[in-house]
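Here is the structure we will look at.
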Amino acid sequence: MSASVTVRVPAKVNVQLAVGAARPDGFHDLANVFLAVSLYDEVTATPAGTLTITCDGPDADKVPLDRTNLAARAAELLAARHGISPDVHLHIAKDIPVAGGMAGGSADGAGALLACDALWGLGTPRAELLEICAELGSDVPFSLVGGAALGVGRGERLTELPVGGDFHWVFAVADGGLSTPAVYGEFDRLTAGVHVPEPAASPVLLDALRTGDTSALADALANDLQSAALSLRPSLAATLAAGTEAGALAALVSGSGPTTAFLVKDADAAASVADALIASGTCRTARVATSPAAGATLL
């Protein structure tokens, strides 16, 4: 058994999030086009007498250190499958915004799963790891896979997508989080009595990813949860406007928010837009990143 294993795992942005009507089980069918971006958490697994979690980095105080953390649940599910005890210390070096719609918790779940599998020498097949990821949550499989993918069902059934170039992003981090269930609840309220079409990926958007066409991707970005996020957090409109005025090609709420995402032309534009967003006072901080990024990776 290794002394410790560290896995690096990326954040995500939803370049398209098409949301269907609520199902009888309370979930929504999605057409969710994920793109992994170069903001990362690192999860380190070390042998221990019992399952423990520690965390450091920005907003580490907002990360649960009990069994509700997806990293802990990942260790428990993997251990249960193999009939062993989940005795491991998981340390999360947090750099993905917390409760920001960028799948930081999901990333930690995928990272812990891969780290524990390596630490315990289990050699679990990738298909089985993805099954465990889907059991953990809708975004967790993509955190393992990375790159770009279309997620359907709850977002957990993935088809990997080709990406023909690099895209440059700025992410404006808001004060406080937004609850994903609350945003979906607001979506249901706003669409009550309205026909909600079956979610489907945009062929124009998929083509923009495939060809690496930043301008075409900017025109095609879409998030069906944006109105709900803005309804719950009206101040995000000012952040979206500030980034657009600073030269972003497109702006949208990332996932269920409250992080907002700005697609820009290049690295120089990213630096300029990030500075303008911070100066605007409409967000807590702004982060620059590129995509696509690799999925969960052993370091």
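The values are calculated or read from the model by the stated rules, or taken from the named source; none is laboratory data. Keep in mind the model is a prediction, meaning the values are calculated, not measured. With ideal geometry, Cβ positions are generated from the backbone for all residues, glycine too; neighbour counts draw on all protein chains shown.
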Q) Among the residues of segment 249-263, is any surrounded by 24 or more Cβ atoms within 10 Å (Cβ to Cβ), over 19 Å from the mean Cα position of the chain (by Cα), outside the structural domain of G100 (by TED's automatic domain parsing) and not polar (S, T, N, Q)? A) no
Check your understanding: Can you spot a residue in segment 61-79 that is at pLDDT 95 or above, out of contact with any Lys or Arg (no Cβ under 8 Å at 6 or more places or on another chain) and among the hydroxyl-bearing types (S, T, Y)?
Key -> no
Sole miss for S85 among (1) assigned to a loop (DSSP other than H, G, I, E, B); (2) in contact (Cβ under 8 Å) with a residue 12 or more places away in the chain; (3) of a type in the set (S, T, Y) is condition (2)
Taking segment 32-71 and keeping only residues that are small (G, A, S) and surrounded by fewer than 22 Cβ atoms within 10 Å (Cβ to Cβ), one is left with S38, A48, G49, G57, A60
Residue pairs qualifying under the 8 Å Cβ cut-off, at least six apart or on distinct chains, with the first in segment 258-278 being farther than 25 Å from L230 by Cα and the second being assigned to a helix (DSSP H, G or I) and of a type in the set (S, T, Y), are K265/T214
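Conditions (1) closer than 22 Å to A149 by Cβ; (2) assigned to a helix (DSSP H, G or I), marked per residue:
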site: A261; (1), (2): yes, no
site: A269; (1), (2): no, yes
site: V273; (1), (2): no, yes
site: L277; (1), (2): no, yes
site: T282; (1), (2): no, no
site: V288; (1), (2): no, no
Of the listed residues (L144, L150), the one being at pLDDT 95 or above, aliphatic (A, V, I, L, M), within 14 Å of the chain's Cα centre (by Cα) and over 21 Å from D207 (Cβ atoms) is L144
Checked against (1) buried (at least 24 other Cβ atoms within 10 Å of the Cβ); (2) within 20 Å of the chain's Cα centre (by Cα), C116 satisfies every condition except (2)
Exactly one of G26, G109, G100 is surrounded by 20 or more Cβ atoms within 10 Å (Cβ to Cβ) and either on the phi > 0 side of the Ramachandran plot or in a loop (DSSP other than H, G, I, E, B) (or both), and that one is G100
Condition set outside any loop (DSSP other than H, G, I, E, B) and of a type in the set (D, E, K, R), scope segment 136-166, selection farthest from R8 (Cα to Cα): answer is R157
Yes/no for V152 being closer than 22 Å to F27 by Cα and either surrounded by fewer than 21 Cβ atoms within 10 Å (Cβ to Cβ) or touching a residue at least 12 places away in the same chain (Cβ under 8 Å) (or both): yes
Counting only residues that are crowded, with 18+ Cβ neighbours inside 10 Å, part of a loop (DSSP other than H, G, I, E, B) and modelled with pLDDT of 95 or more, segment 167-200 contains a total of 1
Per the filter on segment 227-259, residues touching a Phe, Trp or Tyr at 6+ places or on another chain (Cβ under 7 Å), modelled with pLDDT of 95 or more and part of a loop (DSSP other than H, G, I, E, B) are A248
